[in-house]
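Below is one structure, written out as structure tokens; comments come after it.
Derivation of every value follows stated rules applied to the coordinates shown; laboratory data play no part. Just so it is clear, the model here is predicted, and its values are computed rather than measured. Here the Cβ is made from the backbone with ideal geometry for all residues, glycine too, and neighbour counts use every protein chain on show.
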Amino acid sequence: MADWKKLYEERTMSADKAMELIQDGDRVLFAHAVAEPQILVDAMVANKHLYKDITVSHMVTLGKGEYSLPENHDVFTFEGWFTSPSTRKSIAEGHGEFVPVFFHEVPKYLRQDIFHEDVLLVSVSTPDEHGYCNVGVSSDYTMQAIKSCRTVLAEVNDQVPVVFGDTFVHVSEIDAFVINNHPLFESAPAKIGPVEEAIGKNCASLIEDGATLQLGIGAIPDAVLSQLGEKKHLGIHSEMIADGVVDLFEKGAIDCTEKGIDEGKMVVTFLMGTKKLYDFANKNPMVELRPVDYVNHPEVVAQLKNLVCINACVQVDFMGQIVSECIGTRQISGVGGQVDFVRGAAMSHDGKGKAIIAMPSVATNKKTGEMTSKIVPFIDHGAAVTTSRCDADYIVTEYGIARMKGRPIKDRARQLINIAHPDFREGLKEEFEKRFNCAF
Ligand code: COA
């Protein structure tokens, strides 16, 4: 479109003015994680007197989550597809809602109007000379939402990187631009202590040169990457990447030459790290952001060669049922892409896909120092199973590796108890004998 500059000028407005485009009863979707437009979200909450009955949805948020607080319940209802520290309480207290969903199905739900969303709030880069902005850190469901929503409100931020892939959106596809340059959300790398290091080493023993890696959310993936410096020809095809991938690339371990598909490219659906990662991805021909219904689709994942998926969890029971998003009835995160990749690895065309669920053997209460075993006879009352016992493959703790696939239940339980924290092993053995009516 030749006159994109005129359109851009006409549609550029203050955040308060842009908020007038939200209507009573609208469902408002935020772009995911780092792509959440901070100024627009603040303006939406500040202008709540303008509307009634607004439902807010999104996957991960790194933001303040003010729309989910009790003082804003008169206007906003939070309906999360994932919960984060700022939004968990709203669900626990009974006002908010949680929707279980496989991440790869989100764009389809938007397309088919199973998720009906009226307004998208998104961050974009400054338009280029052709009139295209870039969604930069998040292709995932954002690209489909731009097509599906009645109204698209964009925060234009010159610190959003320009990342190649399915990430370009023309100025004509956006209804309002609010210019505000500010640093992006950052998620600092987690501390790697001796436990994480030992988990990383155990996972690394399952990763060969030439493997393609998928890395999940949380502290463990970076710990695994820190142990892979000596590997060669690793590839990346991952829902997300964080700073650990940049460090490993700089060590020369990643070249993406043996992936089977998309060779030479790190294919991801969103970025969540620090400025170091966003600078690395900026105009880097090696990094491609693609929608989540490509990156996470089990049929795509299955085509990768020597795939190793590394995700984390909260609890594993004696049968190998994996709880990754709840502590009892408390929803602490979401399904995300865990099952997408676990199933894709199981379907791998070369028969070499490995799905690792890695976790410290205990969770430690920060206030009391009390330890709880993550390996348990029965999952906590009310918890949801994220990865089923039929899908479960490798379980890794700092004490070793347990293999679930094709193994009978008692054997699974014995292997799991052998990689539990030593302080809990005797108690777990007693539980085993009660549960299965036989000697350990
Ligand atoms: N009992 C009690 N508390 C537990 C627990 C258990 N079995 N397991 C974890 N916790 C507590 C931790 O102590 C921690 O509490 P804190 O915040 O007060 O310190 C909290 O729950 C979060 O656990 P932690 O292990 O620190 O989380 P993490 O940031 O490493 O993330 C998951 C781990 C499992 C929550 C995260 O990987 C997830 O959400 N997975 C599901 C989605 C997914 O796998 N997506 C993958 C594709 S990106």
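For the chain, the longest principal axis of the C-alpha atoms and the axis of helix 422-436 are separated by about 80°. Here the Kirkwood formula, the inverse mean of 1/r across different C-alpha pairs, assigns the stretch 118-270 a hydrodynamic radius of 17.1 Å.
Strictly greater than 19 Å: what percent of every Cα pair in the stretch 283-440 meets that?
Counting every Cα pair in the stretch 283-440, those more than 19 Å apart make up 57 percent.
Think of the stretch 211-307 as a dipole: +1 on every Lys or Arg Cβ, -1 on every Asp or Glu Cβ, centred on the Cα centre; then among PHE270, LEU248, GLN214, LEU248 lies furthest on the positive end.
Dipole orientation for the chain: of the candidates THR77, THR372, MET143, THR372 has the Cα lying most toward the positive pole (charges on Cβ; Lys, Arg +1; Asp, Glu -1). For the stretch 383-440, a simple Cβ point-charge model (Lys and Arg +1, Asp and Glu -1, everything else neutral) yields a dipole of about 280 debye relative to the Cα centre. Dipole size of the chain about its Cα centre, with +1 on Lys/Arg Cβ and -1 on Asp/Glu Cβ: approximately 1460 debye, rounded to the nearest 20.
Scattering from the stretch 134-190 was approximated by placing one identical point on each alpha carbon and applying the Debye formula without solvent; log10 I(q)/I(0) at 0.13, 0.16, 0.17, 0.24 1/Å stands at -0.36, -0.54, -0.60, -1.10.
Computed over the chain with a Gaussian network model linking Cα atoms closer than 10 Å, the most mobile of GLY353, GLY400, GLY369 is GLY369. Rounded to two decimals, the Cα radius of gyration of the chain over 2.2 N^0.38 Å is 1.00.
How much length would be gained if the chain were fully extended between THR372 and LEU21, taking 0.36 nm per residue of separation minus their Cα-Cα distance, in nm to one decimal?
Details: separation 351, 0.36 × 351 = 126.36 nm, distance 4.88 nm.
Here the answer is 121.5 nm.
Within the straight-line cut-off of under 24 Å between alpha carbons, the lysines reachable from LYS89 are LYS48, LYS52, LYS64, LYS366, LYS367, LYS374, sequence neighbours fewer than 8 places apart in one chain being disregarded. Of the cross-linked pairs LYS191/LYS275; LYS191/LYS405; LYS5/LYS265; LYS6/LYS147; LYS231/LYS265; LYS191/LYS283, those separated by over 25 Å at the C-alpha level are LYS191/LYS405; LYS5/LYS265; LYS191/LYS283. For the pair ARG150 and GLU9 in one chain, pulling the backbone fully straight at 0.36 nm per residue adds 48.7 nm over the alpha carbon distance. Between the stretch 247-314 and the stretch 354-406, what is the C-alpha centre distance in whole Å? The stretch 247-314 and the stretch 354-406 have Cα centres separated by 25 Å. For the chain, adding -39500 (n - 2.57) for each run of n ≥ 4 DSSP H residues and dividing by the number of residues yields -7000 deg cm²/dmol at 222 nm.
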